[in-house]
1. Helix 171-213: angle to the longest alpha-carbon principal axis of the chain, degrees 0 to 90, nearest 10?
2. Mind grabbing the base-10 log of I(q)/I(0) for the range 50-187 at q = 0.10, 0.20 Å⁻¹? Debye formula, identical points on the C-alpha positions, no solvent, two decimal places.
3. Under a 1.4 Å probe, what is the accessible area of the chain per residue, stated in Å²?
4. Could you tell me the accessible area of Tyr185 in Å² (1.4 Å probe, neighbours in place), rounded to the nearest ten?
5. Nearest 0.05, what FRET efficiency do Lys168 and Asn196 give at R0 = 45 Å with Cβ-Cβ as r?
6. If you average the alpha carbon positions of the range 160-215 and of the range 74-97, how far apart do those two centres end up, in angstrom?
7. Checking the cross-link filter: which lysines have an alpha carbon closer than 24 Å to that of Lys167, excluding same-chain neighbours under 8 positions apart?
8. What do you get for the angle between helix 2-67 and the principal long axis of the chain? Use alpha-carbon atoms, 0 to 90 degrees, nearest ten.
Amino acid sequence: MYKKIISYLMVFSFLILVNTACQSQAKQMDSVIEKLNKITTMEQKFFKAGEQIQELEIQELECYEKIFSFKVNEIDKRQATAKKAITLLNERKGMIEEESKLIHKIDIKIEELQTINIETKDAEFRKDVNEFILTWKKRTTKYDQLNKKYQEAIKIDLTIYNLLSQKKVELKNVKNKTKNTNVVYKDVIKINDRLNLYTQKLNEQRKDIYEKYGK
């Protein structure tokens, strides 16, 4: 009789341990998903900053094209438009700095995600999240390369606008500077295309995690 009771107790204890382990694992996975949700929310602010940068770029380009539509004797209009372009450029520069701060704030959360994911017992889940983290880090590296090249282009743009805001303009200097900025922007486009591929991959990996394990 006592042997049977002991056997039942052992089985019962085992079931409790299994249930506790399952609950612990589920809780751990929920913590990872919750952190991923916070990262996704923060990322929306990053993308919003990017949209504002693009809007400023468009306005700035409109000013640039307008400058060359003025007649030679319309000096005041040219100078005023060039100064407006400088204002827009400075706004764009400020937004780029804000964008950079945002992505590096998310980097901190990514490190936190990596730390809590180490404790995850589900090997497949842990692997999927780690792949997301790896892609994110690659994208941040690419973003920093883009940011550096973009800052280089902005400096040249500012030089051009300063030349165009003067009363007398040496078109030869403007053309030379424009050639330089065109070369830099070609590099910007190449790096940005690569960055977009990483962003696309991140979205696919995140979607896969949500579909497999629940948002």
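1. Approximately 20 degrees, to the nearest 10.
2. Taken in order of the listed q values, log10 I(q)/I(0) reads -0.48, -1.14.
3. 66
4. Spelled out: Tyr185, probe radius 1.4 Å, area about 50 Å².
5. On the way: r = 42 Å, r/R0 = 0.93.
With R0 = 45 Å, the Cβ-Cβ based efficiency is 0.60.
6. Here the two parts' Cα centres lie 19 Å apart.
7. Partners found: Lys66, Lys71, Lys77, Lys83, Lys84, Lys155, Lys175, Lys177, Lys179.
8. Tilt of helix 2-67: around 10 degrees.
The values are calculated or read from the model by the stated rules, or taken from the named source; none is laboratory data. As the structure is a computational prediction, the values presented were derived from the model and not from experiment. Counting neighbours? That spans all protein chains shown, and the Cβs are built from the backbone with ideal geometry, glycine included. Accessible surface areas use protein heavy atoms only, side chains included; no ligands, DNA or RNA. Shrake-Rupley method; radii C 1.70, N 1.55, O 1.52, S 1.80 Å.
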